Amino acid sequence: MAKSKNNKFVDTIDECLTNGINHGIFQVTLEDELLNGRTVTIGGMEVVNFGSCSYLGLEVDDRLKEGAIDATRRYGTQYSSSRLFSSCNLYEEAENLFRKIFNNNYTILAATTTLTHISAIPILVQDDDLVILDHQVHGSVQLAVQLVKARGVKVEMIKHNRLDMLEDLIKENPNKYGKIWYMADGLYSMYGDYAPLKDIVYLLEKYANFHLYVDDAHGMSWTGQHGNGYVLSQVALHPKLVLSTSLAKGFGTGGGVLVLPDKEMKRKILTCGSSYTFSGPIQPPMLGASIASAKIHLTDEIYQLQHKLRMKLSLTRDIIKRYDLPLVLPSNSPIFYLGLGLPRVGYNMVKRLLNEGFYTNIGIFPGVPVKCSGLRLAITNGQTDEDIKNVLDAFQHHLPLVLEEERITVDDISANFGLPFEETKKRYPLSSKKSSEDIFDIQHESTIHRIDKVLWDDLLGDNGTFDWEGCRFLEETFCDNPEPENNWNFHYLIIRDKKAKPILATFFTELLCKDDMISSSAISQQIEEVRKKDRYYLSSKIVMMGSLLSVGDHLYIDKASPQWKYAMLEMIRFMSHVKQACGASMMQLRDLDSKDVEMQDILIKEGFIKVEMPDTHILPNTTWKNEAEYIQGLSSGNRWHFRRKIADKKAFFNVNTLANEEKISKGNINAWRKLYLNVKQKSFNINTYELPLKYFTNMVTHPNWEIIELKLKSDNLQKQGSLETTNEDPLVSVGFCYVSSKNNYSIMTVGLDYNYVVNHGCYRQALYQSIVRANTLKCNKLYLGMDASIEKQRFGVEIIPKSVYVQANDNFNMELIETVHNKR
C-alpha cells in the first residue's frame with residue numbers, strides 16, 4: 001500500500017534523526033547515578049554538560065529538592081484526577097505565587113508547555129479567525145495549531161521575524177476574519193535570537209483585530225523582573241497578548257504556565273481546555289518543587305542568579321570574538337549557535353568535543369535548514385568559567401582540523417548560512433586539503449554536443465530517456481520559450497580518475513519548479529487556486545539531477561572504484577557552486593534507489609533530506625511471441641482484468657503508430673496538445689508546469705520519438721446512440737513515446753479525452769499499446785513512468801521505489817506546504 005504524504009514526511013525526519021542516532025549524536029543515555037548540574041557520564045567518561053537548558057542551575061538546588069520531598073510526603077507521588085473535578089491545594093498556592101511573578105496577571109499551570117498550548121489555542125482561536133505562524137515558532141505551538149486547522153481555521157506562515165510579511169497579511173484581510181493571531185517565540189531555541197516584540201506591539205496598537213500568542217519557554221527565569229522572562233522584560237502584557245512559558249528550563253522544575261490579561265479568559269480555558277478537563281495535572285512532587293522555585297524568584301536572590309549567568313554570557317561572547325568563531329546570531333541570550341554547515345561537519349565536531357570532555361548539542365534538520373547545522377552551546381550557572389573557556393578553546397583548536405578532514409572551508413559555511421564570517425575566514429583560511437584536481441578530472445559541459453556520443457550512451461544510454469539524442473531533444477525543446485519555466489540550462493558531468501576511467505556521470509537542469517511537485521494532490525489543488533492569480537506562487541529555481549521530462553537512473557556510478565564516494569562528494573561540491581552561482585534555492589538528486597543505505601548515509605551527512613517519490617514502473621521483458629504468451633505471464637487477477645478491461649475493448653479503437661515521416665504527414669499537433677492539456681489539468685500527484693508547444697513540434701522532427709494514437713471507431717459512436725456525426729474516427733488518446741539508442745522504450749506523456757476513459761478504457765488501452773509497440777520493436781524493456789500505480793501494476797510491471805534527495809537553502813517553502821497547505 002502506498003504511503004500517505006504525511007507518512008513520507010515523517011519518514012524523512014526519521015531518516016535524518018536516525019542518521020544522527022547511528023552516529024552517536026542523539027538519544028544518548030547518561031550513566032550517572034547522581035547528577036550535579038555540571039557534569040554527566042557518557043560512555044564511561046565524565047564530561048561537562050553544555051546541552052542543558054536549566055540556565056540558572058536551579059534543578060540541583062536543595063530547596064527545590066526539599067519542596068518536592070515535602071510535597072511527596074504530604075500528598076503522595078500523584079493526585080490522579082483532572083482539574084475539572086478536583087485538584088491538590090498546592091495548585092492554588094503555586095498559581096498565586098506565579099501571579100506575583102507575572103505582574104499580577106492571571107496564570108494557569110499545566111503539566112507541560114505543550115499541554116498549555118493544546119489547552120489554550122483551541123479556546124482562544126475561533127472558527128472565523130486567521131492564524132499566522134512564524135516559520136520558526138516552536139513545534140509544540142504548531143502542533144496545537146493543527147487542532148484549530150482541523151476545524152477549518154485558516155493558517156498562514158511567514159518567514160522568520162518578517163514583520164513586513166506579517167503586516168501585509170493583516171492588511172490583506174482587514175474585515176475577513178474575527179481576529180488575526182500571530183504566533184511566535186520570545187527567544188528562539190536554536191539560534192538564540194529574539195522576536196521583535198516592540199515592533200509587534202506597535203502592530204497590536206495599529207490593528208484592532210490583531211492578537212499575539214507568544215511562547216517564552218527559553219526566556220523564563222534568566223531575565224526579567226522576578227525572572228518572569230524575556231517577553232515581559234521588553235513589553236508589558238498587552239490586553240491582546242497571551243503569554244505561555246515553561247518551567248522545565250531556567251525555572252528548574254517542570255510544567256507550563258499560561259499568562260493571561262483577562263480573568264474571564266482564564267476561567268474559560270481552565271473550564272474548557274482539553275488538558276484541564278481530560279488530562280492529568282502537575283503531580284504533587286513537581287508542584288512542591290515549583291513553589292520552592294517561585295519563592296526564590298520572588299526574592300532578590302533571583303537577580304544574583306541572573307547576574308551570575310550574565311557574567312558567564314559575557315565571558316562566552318568575549319572568547320567567541322577573540323577566536324573569531326562563526327557565531328550565527330550574536331545576542332545576550334544563553335544560547336550560542338556556532339555555524340558548521342553540513343551535518344557531517346557538525347557530527348565530526350561534536351564527537352571531537354566529546355572526546356575532549358564536553359557534551360554538546362548539534363542543530364540539525366528539521367530544527368534548522370538542512371545545510372545550516374551547527375554547535376548549539378547552552379550556557380548555564382552549573383558550568384564554571386574554566387569550563388566555558390576550555391570548551392571554546394577546544395572548538396577553536398579542532399575547527400581547522402574538522403574543516404580539513406571534511407574537505408570544506410569557511411567560505412562553504414558562509415555560503416550555507418548566507419553570512420559573511422569575514423573574521424573567521426581570516427583566522428581559518430583555506431585548508432591544506434588535497435585538491436580534487438589531484439584525484440579526479442572533471443568534465444563539465446553545458447551542451448550534450450560537447451560530450452562524446454558513444455561514451456555517454458555507454459554510461460547512461462541504457463538507463464532511461466536521456467541517451468545522447470534524448471538530451472539533444474531536451475536542449476532544443478527547452479530554450480527560447482515565452483514561459484520562463486520552460487527555459488532550462490543544462491549541466492553534464494563526467495568525473496574520471498587519473499587513469500581516465502569514468503567513475504561518475506550524470507546531468508542536471510536548472511529550471512523553475514513548483515515546490516509542491518511531489519506533495520499530495522489535495523495540497524497541490526489548494527496551491528493551484530492561489531496560482532490562478534499568482535502563477536509563480538511557491539515556485540523556486542532549482543538545480544535538479546535529470547529533468548522534469550526524463551525517467552530512469554540518472555546517475556552512473558562505478559561502485560567498484562574505491563573512489564566512488566569521493567566522486568559523489570565532488571559532484572555535490574561542484575553542483576553546489578552551480579546552484580549558488582545561478583541563484584537556485586534547492587538541489588535535487590532524483591530517482592535514487594530508496595534501499596541504498598550507503599548512499600543515504602552519504603547524502604544525509606551532506607545536508608540532503610530524503611523524500612520518497614511516486615513509484616517507477618518498468619516492464620523488464622517485452623519479448624513475448626504473442627498476446628496469449630504475454631497474458632500467461634500475468635497473475636490470475638491481472639489476467640482477468642486484462643481480458644475484461646483491455647482485450648474486450650480493443651475493438652473500440654483504431655491504433656496508429658506514427659514514426660519518422662508519418663509524424664510529419666499525418667500528425668495533428670493541436671489535437672495532441674489539447675488531449676495532453678486535458679490530463680495536465682487533472683494531474684496533481686506530480687505537479688509541474690505545462691509543457692511548451694515546442695515539445696510537440698520538436699517531437700515530430702526528432703527521429704527517436706513516436707506517437708501512438710487511439711481513435712474511436714465511428715461505428716462504436718453510432719452503436720451507443722451518440723449524436724456525434726463525423727467523417728473520421730475521433731482521436732481519444734495519444735501516447736508520446738521515446739526509443740533510446742540502447743533499444744529501450746518509454747511512454748513519457750499521454751493525452752486523453754476523458755469522455756472515453758471510464759466506459760471505453762482509452763487510458764488502459766494507451767498503456768497496453770505502448771507494450772505492444774515495445775514488443776514489435778523487440779525492445780529490451782519498457783519504462784511506464786511514475787504515478788497511476790494501480791493501473792500500471794496490472795500489466796505485470798516491476799515497481800521500483802525511488803527517492804529524491806533535497807538540499808535546500810532553508811525550510812520555509814517545505815514547511816509552508818506541509819504545515820499550511822495540508823488538509824485533514
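The values are calculated or read from the model by the stated rules, or taken from the named source; none is laboratory data. From a predicted model like this one, the values you see are computed outputs, not experimental measurements. We place every Cβ from the backbone using ideal geometry, glycine too, and count neighbours over all the protein chains shown. Ligands, DNA and RNA are excluded from the accessible area calculation, which covers all protein heavy atoms including side chains. Shrake-Rupley method; radii C 1.70, N 1.55, O 1.52, S 1.80 Å.
What accessible area per residue, rounded to a whole number of Å², is obtained for region 762-802 using a probe radius of 1.4 Å?
On the way: 1520 Å² over 41 residues.
Result: 37 Å² per residue.
Of the listed pairs K179/K240; K453/K802; K674/K781; K514/K680; K674/K711; K240/K266, which have alpha-carbon separations greater than 18 Å here? Show your work: numbers first, answer last.
Values: K179/K240 10 Å; K453/K802 27 Å; K674/K781 29 Å; K514/K680 14 Å; K674/K711 15 Å; K240/K266 14 Å.
Beyond 18 Å: K453/K802; K674/K781.
In Å, what is the Rg of the alpha-carbon atoms in region 217-375, and how long is Dmax?
19.3, 55
Note down the accessible area of D70, probe 1.4 Å, to the nearest 10 Å².
Spelled out: D70, probe radius 1.4 Å, area about 70 Å².
Ignoring ligands, DNA and RNA, what percent of the 1.4 Å accessible area of the chain is carbon and sulfur? Walk me through the intermediate numbers first.
Details: 16930 of 34010 Å².
Carbon and sulfur: 50 percent of the exposed surface of the chain.
Could you do me a favour and compute the accessible area per residue for region 547-601, 1.4 Å probe, result in Å²?
Values: 2230 Å² over 55 residues.
Heavy-atom SASA per residue in region 547-601 reads 41 Å².
Does region 219-302 come out rounded, prolate or oblate, given a ≥ b ≥ c as the square roots of the eigenvalues of its C-alpha gyration tensor, rounded meaning a/c under 1.5 and, failing that, prolate meaning a/b above b/c?
Values: a/c = 2.29, a/b = 1.15, b/c = 2.00.
Taking the square roots of the gyration eigenvalues as a ≥ b ≥ c, region 219-302 is oblate.
Heavy atoms of the protein only, probe of 1.4 Å, neighbouring chains included. What is the accessible area of I21 in Å², nearest 10?
Counting only protein heavy atoms, I21 exposes about 60 Å² to solvent.
Please report the antiparallel percentage of DSSP beta bridges with both residues in the chain, rounded to the nearest 5.
Numbers: 85 of 111 bridges.
If we restrict to bridges inside the chain, about 75 percent are antiparallel.
How do the peptides 529-540, 410-421, 112-123 rank, highest first, by the average count of neighbouring beta carbon atoms within 10 Å per residue?
Details: 529-540: 13.1, 410-421: 18.7, 112-123: 22.7.
Descending packing order for the listed peptides: 112-123, 410-421, 529-540.
Using only Cα atoms, find the angle between the long axis of helix 669-680 and the longest principal axis of the chain, and express it within 0 to 90 degrees, rounded to the nearest 10.
Around 30 degrees separate the two axes.
What is the gain in length, in nm to one decimal, between V772 and D32 on full extension, counting 0.36 nm per residue of separation less the C-alpha to C-alpha distance?
That works out to 259.5 nm of additional length.
What does a probe at K565 reach in region 383-422, counting residues whose amide N is under 18 Å from the point 7 Å along Cα→Cβ?
402-408
Which value, in Å to one decimal place, does the Kirkwood hydrodynamic radius take for region 541-608 when every pair of different Cα atoms is included? Could the numbers behind the result be given before it?
Values: mean 1/r = 0.0771 Å⁻¹.
By the Kirkwood definition, the hydrodynamic radius is 13.0 Å.
How high is the FRET efficiency from T299 to K263, r the C-beta distance, R0 25 Å, rounded to 0.05?
Values: r = 27 Å, r/R0 = 1.10.
Once the sixth-power term is evaluated, E becomes 0.35.
For a 26 Å ceiling on Cα separation, which of these pairs sit above it: K625/K649; K206/K533; K149/K595? Display every interim value, and only then the final one.
Numbers: K625/K649 21 Å; K206/K533 29 Å; K149/K595 35 Å.
Flagged as over cut-off: K206/K533; K149/K595.
If you count only protein heavy atoms with a 1.4 Å probe, what accessible area per residue comes out for region 105-232, rounded to a whole Å²? List each step's numbers first, then the result.
Numbers: 4220 Å² over 128 residues.
Ligands and nucleic acids excluded, the result is 33 Å² per residue.
For region 626-781, what does the relative contact order come out to in percent, with C-alpha contacts under 8 Å and a separation of six or more?
Numbers: 200 pairs, mean separation 39.7, N = 156.
Once normalised by length, the contact order is 25 percent.
222 nm [θ] for the chain, helices only, -39500 (n - 2.57) per DSSP H run of 4+, per residue, to 500? Kindly include the intermediate steps, with their values, before the conclusion.
Numbers: 30 runs with 324 residues, N = 824.
Result for the chain: -12000 deg cm²/dmol, rounded to the nearest 500.
Hey, what D do you get for the chain in µm²/s if you plug the Kirkwood alpha-carbon radius into Stokes-Einstein at 20 °C and 1.002 mPa s? Before the final figure, lay out the partial values.
Working: Rh = 30.2 Å.
Reported coefficient: 71 µm²/s.
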